[in-house]
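Taking it in order: structure first as structure tokens, then the write-up.
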Amino acid sequence: MTLEEFRQSPIPPDFGPLAALWHDARGDWEQAHTVVQDDHSADAAWVHAYLHRKEGDISNARYWYTRASQPEFTESLDEEWDALAKAFLAR
């Protein structure tokens, strides 16, 4: 699936971290957070970090970046969303 196909998909994918990004792209931060909150994978932690960064809770985001073993993202939120989606879609 391409990034554009993912963006335009009418239904969320089965993969939790991508499903969270799908919900976030549609303005449903709460559902996105719910999806990753109960997923203990590093991928979910990475998306969790992005969501808390988006929320403005930087200290919580840093905790989740550490759990994901990922560096703190310093570019725009849109760039981070794209980077996450591309990373997961490339697998």
ask   = How high is the relative contact order of region 14-69, in percent, with contacts defined as C-alpha pairs under 8 Å that are six or more residues apart?
value = 29 percent
remark   = Taking 0.36 nm per residue of separation between Ile11 and Asp82 and subtracting their Cα-Cα distance, the length gained on full extension comes to 23.7 nm
inquiry  = When a/c reaches 1.5 or more, the comparison of a/b and b/c decides; with that in mind, is region 14-69 rounded, prolate or oblate per its Cα gyration tensor?
reply    = oblate
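Quick check: from the Cα gyration tensor, does region 1-43 come out rounded (a/c under 1.5), prolate or oblate?
It comes out oblate by the Cα gyration axes.
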Residue-wise HN-Hα coupling along region 10-23, computed from phi with Karplus coefficients 6.51, -1.76, 1.60 (Hz; x: Gly, Pro) = x, 10, x, x, 6, 6, x, x, 5, 4, 4, 5, 4, 5
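Computed from the coordinates by the stated procedures, all read-outs in this text should not be read as laboratory data. The structure presented is a predicted model; accordingly, all values stated were derived computationally and were not measured.
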